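Report on the structure given below.
Every number here is computed from the coordinates shown, using simple stated rules; none is lab data. In this text, all values refer to a predicted model and were calculated from it rather than measured experimentally. Please note: Cβ atoms are built from the backbone with ideal geometry, for glycine as well, and neighbour counts cover all protein chains shown.
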Amino acid sequence: MGDKSDEMMAGIKKKDPLSLLSRFVADKEGNRIGESISIYKDLLIIKKDGDYYAIPLKHVDELKGEEIHLKGIVQWKKAKELAEEWKKNV
């Protein structure tokens, strides 16, 4: 594909995925929705309102300062299900 966000995510995955940790996570409108706490496989684990959610790294759009911005619409039910595997393995 070669677009800018794909290149950025490839760089993060290869160099330092830990750079995504302990950052606020914002939706595509810029509203803060949680905080990143872990990386598991190809998922960004976020804590939101006391619950855990797993967002595929391909939905990370960009880093803006201390915030991670997501692209697309988050399917919270699916994200919560994906986080269950992470919780069982930590």
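For Y52, the shell of other residues with beta-carbons less than 14 Å away shows a net charge of +1, using +1 for Lys and Arg and -1 for Asp and Glu. What is the local net charge at E67, summed over the other residues whose Cβ is closer than 11 Å to its Cβ (Lys, Arg +1; Asp, Glu -1)? Cβ neighbours under 11 Å give a net charge of -2. Other residues whose C-beta falls under 11 angstrom from the C-beta of I37 contribute a net charge of +2, scoring Lys and Arg +1 and Asp and Glu -1. About its Cα centre, the dipole of the range 4-89 is roughly 180 debye, where the only charges are +1 on Lys and Arg Cβ and -1 on Asp and Glu Cβ. Per-peptide packing, taken as the mean over residues of other Cβ atoms within 10 Å, places 57-65, 32-40 in the sequence 32-40, 57-65 from highest down.
DSSP finds beta bridges in the range 4-89, and of those with both partners inside it, around 85 percent are antiparallel. Calculate, for F24 and E85, the FRET efficiency according to 1/(1 + (r/R0)^6) with r their C-beta to C-beta distance and R0 22 Å; round to the nearest 0.05. Computed FRET efficiency for F24 and E85: 0.35.
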